[in-house]
Ligand SMILES: [Zn+2]
């Protein structure tokens, strides 16, 4: 795996297509764009957790390959320092990476590869302008520095300057024809440029070139897995994502993608010790009452009485995630994965814990904390009595969780009474809970969606009764995609809107498609995705740099690009605001 290409691939928005009410259940439309996803913290109670990055605690075999890469056997040179730093940033420890580079800078000369490595750390931290300060200096010293060119391309990609990204990549690929690793990384970035600009055919060709140049490039395998997901080839998604994770177990995006294509049952059919089961059941009861500390103790007792107790371990990891104890979450979920490597939830928990660690690591080196900006935004009042009716989990949310939920629904709050009158419900799935564990959805246990994901392993189902993963609240709060707003818009559109409103949307959609005003190809698919995508943009004041094509839309963008839809949504929002609070 190679230097600067640090995978913002993780943030490729997995777009999963668009079916309205297929066979009664519509899988949630958009798989979370993982680079911007996060992990929990939205459920009450939420003790203040200090940052917990320490030495990597992953003792599981899945991390052994990476963890074993210590400094042993490394010489004393700029190259070995850069390699050590790379290992640190790969395992999401950006501070350690910078410390290593600082030491090298004081011991040796400031070489272009060293400067490029600083750039890579800041690119991982989604700070393209800080990365540029180093990359530009590297290029000035050596215009042919491959790592710096890759970094410049990636910085341009994060800034959505595709022409510049392409220029840098062409320069790299023509000047370094025999450097397979850097060429492979260049092709991965080119594949991302093609994806972001809507050319999936060329994206696939670039991903194939990347794999050919370096079959061990985990990012290349991941982007191909992503493309196979869009082509609805589940077996290939699984094998590509699994290979990527064998090479780089910290590739959270690949693990998040993989988890939806797994449906391991070994962990659920376990025969466990009666004492252990008693502790587990007690933990569940306490958790339901919001007694999180006591629930944690019970799950720990269960997992200690029966060390490979899958359900206790994923429940434990779920609470660790909620408390932002990410290293503990990785440890518990990794133990669960040893029992069932196909366990969807254990895999997902590890992915979210890694995303959380990445966020903590970003903040630690002074990168922008997007959630601060999110929570400073204005919130239109919404009647909590209505929210409670439609979102039965409302009372379990922390103040911040309620804020995100309020932001997600406020623009269409005037439809809440209509939703309530047809008994529409939008449940929030706990992190260790699967769709098929919810009342009314149990028969989905072994069914797959039209694109080959398992209903039991996806994190959302739309319709009059909708389910969304609780983790989506966190994702929205960090400047990522607001999946709950998107699904809520579908719910309103499909079950609570007047025929006049529906007709108005149909006309706007036809005009937008004719005039090329739809926000992206996903929004252009049909009037339902058009409305849900537009509404998600409408409630989004800003998005972070890593948010990708289908995830990055904002209110200002909608206003400029599709004033007709903006004006309809503004009217709906005005009417909603008049409803006031309770
Ligand atoms: Zn949708």
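Rule-based calculations on the coordinates, nothing more; no lab input. What you see is a predicted model, and the numbers here were worked out from it, not measured in a lab. Note: ideal-geometry Cβ built from the backbone for every residue, glycine included; neighbour counts use all protein chains shown.
Can you tell me how the range 223-285 classifies by the Cα gyration tensor, rounded, prolate or oblate, using a/c under 1.5 as the rounded cut? Prolate. In terms of other Cβ atoms within 10 Å, 187, 493, 219 run from fewest to most in the order 493, 187, 219.
Multiplying each eigenvalue of the alpha-carbon gyration tensor of the range 113-178 by 5 and taking the square root yields semi-axes of 17, 14, 9 Å, largest first, rounded to whole angstroms. Over the Cα atoms of the range 317-413, the radius of gyration divided by the Kirkwood radius equals 1.07; this is the Rg/Rh ratio. Peptides 564-575, 127-138 ranked from most to least packed, by the mean per-residue count of other Cβ atoms within 10 Å: 127-138, 564-575.
Compared with the direct C-alpha span, the chain from residue 162 to residue 422 gains 89.0 nm at full extension, assuming 0.36 nm per residue. Subtracting the Cα-Cα distance of residue 212 and residue 364 from their residue separation scaled by 0.36 nm leaves 51.0 nm. Relative contact order of the range 51-259, taken over Cα pairs closer than 8 Å and 6 or more residues apart, is 12 percent. Counting only Cα atoms, the size of the range 353-504 along its three principal axes is 50, 40, 31 Å, in decreasing order. Test of understanding: extend the Cα→C-beta vector of residue 388 to 7 Å, then name every residue of the range 277-309 with backbone N under 18 Å from that spot. Only 289-290 fall inside the zone, counting backbone N under 18 Å. In plain terms, the chain from residue 503 to residue 557 could stretch by 17.1 nm, reckoned as 0.36 nm per residue minus the Cα-Cα distance. Within the range 84-102, list the residues whose amide N lies under 12 Å from a label point set 7 Å along Cα→Cβ of residue 137. Backbone N within reach: 102. Using the average count of surrounding beta-carbon atoms within 10 Å as a protection proxy, the listed peptides 113-121, 283-291, 526-534, 437-445 rank, highest first, as 113-121, 526-534, 283-291, 437-445. So if I take the centroid of the Cα atoms in the range 298-344 and the same for the range 83-160, what is the distance between those two points in Å? If you average the Cα positions of each part, the centres end up 35 Å apart. Whole-percent P(r), the range 51-259, all Cα pairs, 5 Å bins from 0: 1, 8, 13, 18, 20, 18, 12, 6, 2, 0, 0. Summarising the label geometry, the points placed 7 Å from Cα in the beta-carbon direction at residue 373 and residue 281 lie 5.0 nm from one another. Using the alpha carbons alone, the radius of gyration of the range 265-337 stands to its Kirkwood radius in an Rg to Rh ratio of 0.94. Calculated mean residue ellipticity at 222 nm for the chain: -18000 deg cm²/dmol, from DSSP H runs with n ≥ 4 weighted as -39500 (n - 2.57), summed, divided by the residue count and rounded to 500.
If you take the alpha carbon atoms of the range 76-152 and fit the smallest convex hull around them, that volume is 74 Å³ per residue. Modelled this way, with points 7 Å down the Cα-to-C-beta line, the labels at residue 80 and residue 571 are 7.1 nm from one another. Gyration tensor analysis over the Cα atoms of the range 500-579 returns equivalent ellipsoid semi-axes of 19, 17, 10 Å (largest first, whole Å). Both radii are taken from the alpha-carbon atoms of the chain; with Rh as the Kirkwood radius, Rg/Rh is 0.96. Packing, as the average of other Cβ atoms within 10 Å across residues, places the peptides 234-247, 494-507, 336-349 in the order 336-349, 234-247, 494-507, highest first.
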